[in-house]
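The values are calculated or read from the model by the stated rules, or taken from the named source; none is laboratory data. As the structure is a prediction and not an experimental result, all values here were calculated from the model. No Cβ is skipped: glycine too gets one built from the backbone with ideal geometry, and neighbour counts run over all protein chains shown.
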Amino acid sequence: MTEFAELELDGAGARIAATGAPAWIAETRELMKLAAPLAATQLAQMAIMTTDVVMLGRLGKEALAGAALGNTVFFFTWLIGLGPTAAISPLIAHILGASPNNRAGVRAVARMGLWSVLLLSLPLATILLFTKEILLAFAQQPALAEAAGRFVRPLCLGLPFSLGYQVLRNYATALGRPNSSLWVMAVTIGFNAFGDYALIFGHFGMPRLELIGAGTASACSYAFCFLAMTAVVFLTPTLRKYRIYRRFARPDWSKFAELFRLGMPIGLTMIFEASLFNSATLLMGTFGTASVAAHQIALNVASITFMVPLGIAMAATVRVGLAAGAQDRIGVRRAGTTALAVSVACMSIFALAIALFRHQIAGLYFAANVASNADAIALTAVFLQVAAAFQIFDGIQVTAALSLRGLKDAHMPMWIAAGCYWLIGFPLCVGLGVGLGMKGLGVWIGLAFALFVAAISMCWRFYYLSRQRSPQF
């Protein structure tokens with residue numbers, strides 16, 4: 001029989017009905033159509049964060065460390081709000097996989113996603129107001145806790161805009177229009193850089209606000225990208241035709257409940273992973289300012305490379321969700337396996353680059369001619385060596401986890417994350433870093449091992465559910 005790869009086109013991309021190698025080639029092509037702009041969007045978001053880090057690094061390691069600690073609190077609250085918004089892509093993908101013309105269902109999911117942002121933003125912003133007190137409760141240095149509080153305060157206003165942007169972005173991604181959010185984020189890079197330069201250092205007639213200026217610039221950038229993305233939704237025919245703002249006050253309680261039923265475990269999964277790294281930051285704070293600054297730089301580099309497999313994984317959510325909605329068990333496994341292979345290939349390249357150029361990378365973030373930065377630069381190079389070692393595991397775990405999201409499997413990944421990161425990873429970080437006196441190096445080895453175990457566990461779960469006789473379908 002002649003092998004073929006027939007593409008059944010719909011608003012969210014192509015569903016593949018095929019056998020043999022052409023099907024895998026077609027799947028890779030469809031994956032990359034989504035993954036390339038999604039990865040670029042993630043990198044653009046990291047460019048914004050990196051701009052903040054680099055500019056604050058010019059103020060000194062104390063400012064950088066204060067912002068790092070402040071971000072641990074901000075991103076904890078952000079991830080709580082992100083859960084329901086992250087459920088939008090798989091829910092829309094399942095709807096379109098089963099019924100490509102179901103506009104009412106897509107509209108209800110997007111509208112309820114925006115409702116979730118309105119519901120969660122006020123209590124989460126209230127938590128941010130107590131950033132200083134939270135950090136002091138975790139035994140952070142008072143000066144750094146005070147600096148973190150000043151950095152985070154303006155972000156209270158930016159939080160709902162940031163979450164609202166994620167709703168619109170995931171809506172566009174599920175409909176096969178990831179370039180929309182890419183262009184918005186690309187413009188936001190320049191907007192944020194201008195704001196940072198003006199408000200941190202007092203240029204263009206603006207006051208010199210330093211840490212408060214960095215937080216204010218970020219908050220304004222969040223508002224800008226949400227408003228720009230709203231405009232894109234109205235201007236793009238594929239996105240406009242679903243009229244997601246139509247009858248905005250009308251509830252759809254079943255979709256609202258499903259967003260939280262799927263989204264809260266997703267949010268907790270992300271919190272378990274992110275809070276491990278945030279707790280590592282707090283642990284670093286007990287080792288001194290240089291350790292915190294070096295950890296922040298190494299984490300920033302690892303986060304930049306992580307954006308590529310994250311973009312691939314987000315595309316995998318849609319591809320797996322389309323196949324699952326169409327009851328295509330073979331397509332589910334093919335979509336997930338293709339995404340895993342692409343992630344491994346990309347992260348292998350990044351691992352080699354970081355290992356070879358770790359000293360040069362560390363020097364990019366600090367004024368190297370300042371003697372007081374020498375200890376932070378040396379520690380950064382050490383941490384980057386460990387970051388290079390866990391690149392592949394990091395790519396595998398996120399791709400497998402988001403492939404499971406495409407199957408609407410959220411509870412088991414949540415428990416896997418809890419076990420890998422908090423029953424294994426954090427105790428190992430403390431045992432090596434504090435118990436054995438390895439300090440920052442011990443913490444990073446603990447992080448690497450946690451990601452290794454998570455990668456194995458998430459992959460096993462995906463292949464278990466996508467087996468031929470899986471009850472998942």
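Here are the numbers:
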| quantity | calculated |
| --- | --- |
| Residue in segment 73-84 that is over 21 Å from the mean Cα position of the chain (by Cα), assigned to a helix (DSSP H, G or I) and surrounded by fewer than 24 Cβ atoms within 10 Å (Cβ to Cβ) present | no |
| Candidates 431, 437 - the one that is outside any helix (DSSP H, G or I), more than 22 Å from residue 269 (Cβ to Cβ), free of Cβ contacts under 8 Å to residues at least 40 places away in the same chain and not acidic (Asp, Glu) | 437 |
| Every pair of residues 6+ apart whose Cβ atoms lie under 8 Å, when the first sits in segment 18-43 and is surrounded by fewer than 16 Cβ atoms within 10 Å (Cβ to Cβ) while the second is acidic (Asp, Glu) and not in a helix (DSSP H, G or I) | 19/3; 20/3; 21/3; 22/3 |
| For residue 123: the one exception among (1) within 24 Å of the chain's Cα centre (by Cα); (2) touching a residue at least 12 places away in the same chain (Cβ under 8 Å) | (2) |
| Residues (assigned to a helix (DSSP H, G or I) and surrounded by fewer than 23 Cβ atoms within 10 Å (Cβ to Cβ)) located in segment 170-184 | 179, 182, 183 |
| Residue list for segment 221-240, restricted to those being surrounded by 15 or more Cβ atoms within 10 Å (Cβ to Cβ) and in a helix (DSSP H, G or I) | 221, 222, 223, 224, 225, 226, 228, 229, 230, 232, 233, 239 |
| Hey, residue 50 of a type in the set (Val, Ile, Thr), buried (at least 22 other Cβ atoms within 10 Å of the Cβ) and farther than 15 Å from residue 144 by Cα or not | no |
| Residue 29 out of contact with any Pro (no Cβ under 9 Å at 6 or more places or on another chain), charged (D, E, K, R) and over 18 Å from residue 399 (Cβ atoms) | no |
| Which numbered condition residue 212 fails, given (1) assigned to a loop (DSSP other than H, G, I, E, B); (2) out of contact with any Gly (no Cβ under 8 Å at 6 or more places or on another chain); (3) in contact (Cβ under 8 Å) with a residue 60 or more places away in the chain | (1) |
| From the options 69, 64, 43, 59, residue that is closer than 24 Å to residue 170 by Cβ and either in contact with a Cys (Cβ under 8 Å, 6 or more places away or on another chain) or modelled with pLDDT under 85 (or both) | 43 |
| Residues of segment 126-169 satisfying the condition of being touching a Gly at 6+ places or on another chain (Cβ under 9 Å), of a type in the set (A, V, I, L, M, F, W, C) and surrounded by fewer than 19 Cβ atoms within 10 Å (Cβ to Cβ) | 129, 130, 138, 139, 143 |
| Qualifying residue in segment 181-199 (condition: polar (S, T, N, Q), more than 17 Å from the chain's Cα centre (by Cα) and more than 25 Å from residue 124 (Cα to Cα)) | no |
